[in-house]
Every structure is written in structure tokens, then in C-alpha cells.
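Comments concern the structure below.
The values are calculated or read from the model by the stated rules, or taken from the named source; none is laboratory data. Source: prediction; values computed, not measured. Here Cβ is always computed from backbone atoms with ideal geometry, including for glycine, and neighbour counts include all displayed protein chains.
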Amino acid sequence: MKRAQVSLEFLLVFAAFMAFITVFVSALPEVVSSAFFAMDLKSAQSLSQGIDYFSRESEFLGNGTSSEFSYQVFGEWAFLDSPPGIAVLHEGRQRLVELPENVEVENPGFFSEKISLLATKSGGKILVRVRGVQGD
């Protein structure tokens, strides 16, 4: 009788454990997707702040001054030229991050994986050239 009770208790504990694992595993992809979207959004906001800082810093420097930025993109970023901004896209989610008004994106388009940006001061505007980086 005691042996049957121990087996029954083991089965109940095992069933509870399996139920917990099932709930946890089913929620895991959504949590991971949200984390990657949040990291992309934070990176895009950081890029916007970096370009804004470069814009203010370059007021005292001549034309041709440039700065390079590199970011790892987990979803997809769409660089927009009018108004200047970055649309962060990831599995059905999207959010727009605005760039400073004096920015011109030379080659708007969609980029994923690692990207490199070159911001250059030219005639009171900041020209941003985006390119995808292969490898790395």
C-alpha cells in the first residue's frame, strides 16, 4: 500500500512539473521575440541620439566631418528619408524612431543583420549612408 502511495505521489509531482514546463515552453518564443524587439528598439534610439549628438558637435567643425556607427540588427530596420527615421520591424511589431530633422538618409531601404552607418556633415545637413555588413 505504501509503495502505491509513493508511486501516486511521484506521478502527481511529475504531472505538475510537466504542466509547468508546458506553460513555460509555450510562452518562451513570445518572450524571446519581445526581448529581441526591445533590443532593436533601444539600439535604434541609441543611434538617433548618437546622430543628434554628432549633429550638435559638428556645428563647430567644417564640412566633411564624419562619424561611423555600427549596430547588430535582430529583426529589420527600414531607414526612411521623409521624415527621417528608422522603422524597427520584428515579427509583426513595428515602431518608428525619429531622426533629427537636419538628417538626410542617402539610401533609404530595409536592412537586417549587422549594419554600418556613415554620418557626414555637408552644407548644414547630416548625410547618412547606410550599408549592410556581410559576415561578422
Open item on the list: Restricting to the range 11-51, count the residues that are aromatic (Phe, Trp, Tyr) and under 16 Å from the mean Cα position of the chain (by Cα).
Closed with: 2
Task: Qualifying residue in the range 102-110 (condition: closer than 30 Å to residue 30 by Cα and not in a loop (DSSP other than H, G, I, E, B)) - done: yes
Task: Set 116, 122: member being farther than 24 Å from residue 36 by Cα, surrounded by fewer than 17 Cβ atoms within 10 Å (Cβ to Cβ) and touching a residue at least 40 places away in the same chain (Cβ under 8 Å) - done: 122
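Rundown of residues vs (1) outside any helix (DSSP H, G or I); (2) touching a Phe, Trp or Tyr at 6+ places or on another chain (Cβ under 8 Å); (3) surrounded by 10 or more Cβ atoms within 10 Å (Cβ to Cβ); (4) at pLDDT below 85, yes/no style:
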position	(1), (2), (3), (4)
9	no, no, yes, yes
15	no, no, yes, no
25	no, no, no, yes
29	no, no, yes, yes
32	no, no, yes, no
35	no, no, yes, no
39	no, yes, yes, no
42	no, no, yes, no
48	no, no, yes, no
- [ ] Consider only pairs whose beta carbons are under 8 Å apart and that are at least six residues apart or on different chains; among these, list those whose first residue lies in the range 74-94 and is within 13 Å of residue 106 (Cα to Cα) and among the basic types (Lys, Arg) and whose second residue is modelled with pLDDT of 90 or more and part of a strand (DSSP E or B).
- [x] none
Open item on the list: Among the residues of the range 29-47, are any within 30 Å of residue 124 (Cβ to Cβ), touching a residue at least 24 places away in the same chain (Cβ under 8 Å) and among the acidic types (Asp, Glu)?
Closed with: no
Open item on the list: Suppose we keep only residues that are surrounded by 15 or more Cβ atoms within 10 Å (Cβ to Cβ) and in contact with a Gly (Cβ under 6 Å, 6 or more places away or on another chain) within the range 80-96. Which one would you say is nearest to residue 129 (Cα to Cα)?
Closed with: 89
TODO: Would you confirm whether any residue within the range 52-68 is of a type outside the set (Ser, Thr, Tyr), more than 17 Å from residue 126 (Cβ to Cβ), within 31 Å of the chain's Cα centre (by Cα) and surrounded by 11 or more Cβ atoms within 10 Å (Cβ to Cβ)?
DONE: no
Open item on the list: All but one of (1) free of Cβ contacts under 8 Å to residues at least 12 places away in the same chain; (2) assigned to a strand (DSSP E or B); (3) out of contact with any Leu (no Cβ under 9 Å at 6 or more places or on another chain) hold for residue 57; state the number of the condition that does not hold.
Closed with: (2)
